[in-house]
Amino acid sequence: MIEDFATFLRRFEEANTAFVNGDPSLWMPLVSHSEQSSIFGGFGGQEIGWSQIGPRYEWASEQFRELGAKVEFEYLVKHVGADTAYTVAIERCTVQHRTQPEPVPHLLRATMIFRLEAGTWKITHRHADPLNPKSAPSGP
């Protein structure tokens with residue numbers, strides 16, 4: 001039986017909220033263990049393949065403290081095909097980083113690519129970076 005994408009997306013949202021509260025346990029099972037997966041994470045850098053992605057996601061979640069943060073998702077685009085899907089969203093919440101004394105706004109532009117693997121949707125790519133205001137290029 002193939003998992004419904006809307007059902008998966010609810011699990012993804014719950015996992016994302018747990019992640020920014022320092023708990024990756026719901027997120028990790030959603031990630032593809034393929035060497036054909038990748039992340040451009042919110043803390044920068046790039047990882048390709050499960051051998052790099054798994055440890056990076058664990059590290060990233062460790063950067064957050066439990067605050068009871070709840071991520072709000074503003075989906076700008078959603079598309080579901082036969083075996084792939086993607087979302088383009090703004091993710092908003094307030095988080096507590098381990099290195100900062102006070103909670104801070106956490107606003108990300110996030111593009112997610114998902115693939116069906118053995119009838120279950122998996123995260124195969126995440127690109128997240130800070131949502132910044134529009135600006136014109138600086139002149140000379």
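The values are calculated or read from the model by the stated rules, or taken from the named source; none is laboratory data. Here the structure is a predicted model, which is why all the values come from computation and not from measurement. All Cβ positions, even for glycine, are placed from backbone atoms using ideal geometry, and neighbour counts span all protein chains on display. To get the accessible areas, we keep the full protein, side chains included, count just its heavy atoms, and leave off ligands, DNA and RNA. Shrake-Rupley method; radii C 1.70, N 1.55, O 1.52, S 1.80 Å.
Show me the strands (runs of 3 or more DSSP E) entirely contained within the stretch 30-140 in which 1 or more residues are in contact with a strand residue (DSSP E or B) (Cβ under 8 Å, 6 or more places away or on another chain), over 19 Å from residue 7 (Cα atoms) and in contact (Cβ under 8 Å) with a residue 60 or more places away in the chain. Outline the logic, then answer.
Numbers: elements: 38-40, 72-80, 84-97, 104-117, 120-130.
Strands (runs of 3 or more DSSP E) meeting the threshold: 38-40, 84-97, 104-117, 120-130.
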Practice prompt. Go through 37, 51, 138 for me and flag whichever is modelled with pLDDT under 95, over 18 Å from residue 23 (Cβ atoms) and of a type in the set (Gly, Ala, Ser).
Written response: 138
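Sort out which residues of the stretch 16-26 are within 20 Å of residue 111 (Cα to Cα) and either of a type in the set (Phe, Trp, Tyr) or out of contact with any strand residue (DSSP E or B) (no Cβ under 9 Å at 6 or more places or on another chain) (or both), and write them in order of number. Don't jump to the end; show me each part of the working.
Here is the first cut: in the stretch 16-26, the residues within 20 Å of residue 111 (Cα to Cα) are 16-20, 24, 26.
Those that are within 20 Å of residue 111 (Cα to Cα) and either of a type in the set (Phe, Trp, Tyr) or out of contact with any strand residue (DSSP E or B) (no Cβ under 9 Å at 6 or more places or on another chain) (or both): 18, 19, 24, 26.
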Worksheet item: Among the residues of the stretch 64-92, which ones are among the polar types (S, T, N, Q) and open to solvent by 40 Å² or more (accessible area, probe 1.4 Å)?
Response: 84
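Could you say which residue among 52, 36, 46 is within 21 Å of residue 132 (Cα to Cα) and open to solvent by 80 Å² or more (accessible area, probe 1.4 Å)? Before you say what the answer is, go through the steps one by one.
Values: 52 fails: within 21 Å of residue 132 (Cα to Cα); 36 fails: within 21 Å of residue 132 (Cα to Cα).
The conditions single out 46.
Determine if the stretch 16-26 includes at least one residue that is part of a helix (DSSP H, G or I), closer than 16 Å to residue 124 by Cα and open to solvent by less than 70 Å² (accessible area, probe 1.4 Å).
Of all residues in the stretch 16-26, those part of a helix (DSSP H, G or I) come to 16-19.
Subsequent filtering for residues that are closer than 16 Å to residue 124 by Cα retains 16.
Restricting the remaining residues to those that are open to solvent by less than 70 Å² (accessible area, probe 1.4 Å) gives 16.
Yes, there is a match, as at least one residue in the stretch 16-26 is part of a helix (DSSP H, G or I), closer than 16 Å to residue 124 by Cα and open to solvent by less than 70 Å² (accessible area, probe 1.4 Å).
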Worksheet item: Out of the stretch 118-140, which residues are of a type outside the set (Lys, Arg) and either surrounded by 10 or more Cβ atoms within 10 Å (Cβ to Cβ) or within 17 Å of residue 50 (Cβ to Cβ) (or both)?
Response: 118, 120, 121, 123, 124, 125, 127, 128, 129, 130, 131
